[in-house]
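Enquirer: Have a look at the structure that comes next, please.
The values are calculated or read from the model by the stated rules, or taken from the named source; none is laboratory data. Because the structure is predicted, anything quoted here is derived from the model rather than measured. Neighbour counts are summed over all protein chains in view; Cβ atoms, including those assigned to glycine, are modelled from backbone coordinates with ideal geometry. Only protein heavy atoms, including side chains, enter the accessible area calculation; ligands, DNA and RNA are left aside. Shrake-Rupley method; radii C 1.70, N 1.55, O 1.52, S 1.80 Å.
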Amino acid sequence: MSEEPLPGPRCWFAANLGWLRDPAGYHARQRQRFGDPLGGWLGRLRLALTGSPAGVRQVFAAPLDTYAPVGVDLAGMLGAEALPVLEGAAHLALRRRVNAVLLEGEAAQAGPAILAIARAEIAAWPRGRAMPAGPLLQRLSFAVIMRVVFGVIAPGRAEAYRAAFARLARHAGIGLVLLPALRRDLGPWSPWRRFLEARATVHRLIAEDLAAARASSDAARFDTLARLAALREADGAPSLSDAAIRDTLVVLLSAGHESTAAAMAWALLHCWATPGVLPRLRAELDGCDGAAASLLRLPFLEACAREALRIAPVAPMMVRQLARPMTLAGHDLPAGMLVGASAELAHADPAVFPEPEKFRPERFLDARFRAHEFFPFGGGRRLCPGARLALEEIRLVLAVLARTPGLALADHRPPRRVFSGPLLAPSRGGPRILLQEQAT
Ligand code: HEM
């Protein structure tokens, strides 16, 4: 066992700057120099970062009392019962219920709904001029979450949510996140008052839809809101309070919307830019009746989605904070330190993914990768609860795109991978696409 600090860069400022400037390459270079696990920094906190299969497995499989809620106090902003601010038993209890609905539950109806939204949105995309795909895919992804997670059907209602969430995002600035002292109501123009007012509008919309779901006897509703509202304990009492459901829905939208849009942008770019991929995808689609259930059984389509998530993981690393000491690959790490599992490093491991820099969907047809080798959705108890929904959406949208006549990349310069909040999204709004005018 080693009592020494982990080898890695000494200066926290330079380390953060290096990572922000080159999020896709910085840790790989540092690991080449210092080894795995790598001693790094996140802000001013020390981080032990691993991309080795054994290290990742250990981070994800650590016992329940290993981690504390991660640093910044966000309960005041997200709600005391929001998933990201819970840890240990409280987190597990809420996750069991969310998993029962999103990750494990029967969601056969979500596929047709996603497909219908994808067809309608893509049919309305502007034609005859080059445009970045990112904002269009974000709009599509928002519409999917509105329908599948919030159960919103009326277009006017979805627009009300869109405006309310956009206002909330505008007023939930980084200053409020990092400086709890700013969270004081100092009058109508103060940042905290504006944030509270924006949040109240979102909460009012959700409260109305939740009341309608509780009052309805529509057992066919498959959306997350209705299914969380319908969860019951053994004695028949609702499993989750309205506040817990509301905070969960806000987190689901925040965590699920831009991430899926970014993943779809990478999938679009790589499928269209890599020779041979699109013809093979189209050939597979030609042999299919086009129903959602049939599309979701197509192996090459699924392999394309997974390979896009491998080559450009939207979440580059999953970070935990130690509540008690841990020994990682022979290094003793103290309580309070951060540990991270890096998808960026693991997904580029040539021993697991030969020629990792190449987009090769076939690798997912030829082999099955383990949860500590391929983990775009994280792992362990915090595994993304939206993983199934996201994978379905990426596949169905990719299928609609591949069958859209006249859709081409307008620019073959690949976008860079840049931070968009905590995510790595394509620069410049994503790949530029051109949809030819329809022949009349
Ligand atoms: C391609 C799209 C997506 C990617 C790449 C992604 C990735 C991730 C990752 C890496 C984590 C952290 C896991 C960990 O720490 O081990 C996470 C957490 C989470 N994701 Fe996703 N996600 C996506 C889509 C979604 C969707 C569609 C939803 C909701 C409908 C969602 C909801 C959440 C929530 C609520 C958490 C926090 C879970 C917790 O703290 O227990 N995500 N996601």
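Enquirer: Within the stretch 1-80, list the trypsin sites (Lys or Arg not before Pro) lying in a DSSP loop whose Cβ has at most 16 other Cβ atoms in a 10 Å radius.
Expert: ARG10, ARG44
Enquirer: Suppose R0 equals 30 Å. What FRET efficiency, 1/(1 + (r/R0)^6) with r the Cβ-Cβ distance, do ARG129 and ASN99 give to the nearest 0.05?
Expert: 0.10
Enquirer: A follow-up question, please. Binning every alpha carbon pair distance of the stretch 206-307 at 5 Å from zero, what are the percents per bin?
Expert: Using 5 Å bins, I get a P(r) of 2, 10, 15, 14, 12, 10, 11, 12, 8, 4, 1, 0 for the stretch 206-307.
Enquirer: Taking a point 7 angstrom from the Cα of LEU231 along the C-beta vector, which residues in the stretch 128-166 have backbone N less than 18 Å away?
Expert: 148-151
Enquirer: If the viscosity is 0.890 mPa s and the temperature 25 °C, what Stokes-Einstein diffusion coefficient in µm²/s follows for the stretch 254-408 when Rh is the Kirkwood radius over Cα pairs?
Expert: Estimated via Stokes-Einstein, D reaches 146 µm²/s.
Enquirer: I want the local charge near GLN138. Using Cβ-Cβ distances under 13 Å, sum +1 for each Lys or Arg and -1 for each Asp or Glu among the other residues.
Expert: Neighbourhood net charge equals -1.
Enquirer: Report the GluC sites (Glu not before Pro) located in the stretch 180-275 that are in a DSSP loop and have at most 11 other Cβ atoms inside 10 Å of their Cβ, or state none.
Expert: GLU233
Enquirer: Something else now. What are the equivalent ellipsoid semi-axes of the stretch 80-163, built from the alpha-carbon gyration tensor (square roots of five times its eigenvalues), in whole angstrom, biggest first?
Expert: For the stretch 80-163, the ellipsoid semi-axes come out as 31, 16, 13 Å.
Enquirer: Also, quick follow-up: Pairs of alpha-carbon atoms within less than 8 angstrom and 6+ residues apart define the contacts here; what relative contact order does the chain have, in percent?
Expert: Relative CO of the chain lands at 25 percent.
Enquirer: If you don't mind, another one. Scan the stretch 247-314 for trypsin sites (Lys or Arg not before Pro) in coil per DSSP, keeping those whose Cβ has at most 13 other Cβ atoms within 10 Å, and list them by number.
Expert: Of the trypsin sites (Lys or Arg not before Pro), the ones in loops of the stretch 247-314 whose Cβ has at most 13 other Cβ atoms within 10 Å are ARG297.
Enquirer: Report the normalised scattering of the stretch 12-411 as log10 I(q)/I(0) at q = 0.12, 0.13 Å⁻¹, calculated by the Debye formula with identical scatterers on the alpha carbons.
Expert: Ignoring solvent entirely, the Cα scatterers give -1.09, -1.27.
Enquirer: Return the single residue from HIS412, HIS347, HIS203 with maximal mean-square fluctuation; model: Gaussian network over the chain, springs between Cα atoms under 10 Å.
Expert: Checking each option, the largest mean-square fluctuation is seen for HIS412.
Enquirer: While we're looking at this one, here's another question. Amide H to amide H under 5 Å from VAL152: which residues, 5+ apart in sequence or cross-chain, H placed 1.01 Å off N in plane?
Expert: The list, which skips near neighbours in sequence, is ARG147.
Enquirer: Can you grab the distance from the C-alpha centre of the stretch 162-201 to the C-alpha centre of the stretch 74-118, Å, no decimals?
Expert: 24 Å
Enquirer: Between HIS412 and LEU182, take the C-beta separation as r, use R0 = 51 Å, and let me know the FRET efficiency to the nearest 0.05.
Expert: Computed FRET efficiency for HIS412 and LEU182: 0.70.
Enquirer: If I compute solvent accessible area with a 1.4 Å probe over the protein chains, what percent of it on the stretch 12-411 is carbon and sulfur?
Expert: 59 percent
Enquirer: Only helices at least 27 Å long along their axis, Cα-based, and averaging 0.0 or more on Kyte-Doolittle count here, so list those DSSP H runs from the chain.
Expert: Once both thresholds are applied, what remains is 242-273.
Enquirer: Projecting each Cα onto the charge dipole of the stretch 12-411 (Lys/Arg +1, Asp/Glu -1 at the beta carbon, about the Cα centre), which of CYS271, PRO132, GLY18 comes out farthest on the positive side?
Expert: Farthest along the dipole direction, towards plus: GLY18.
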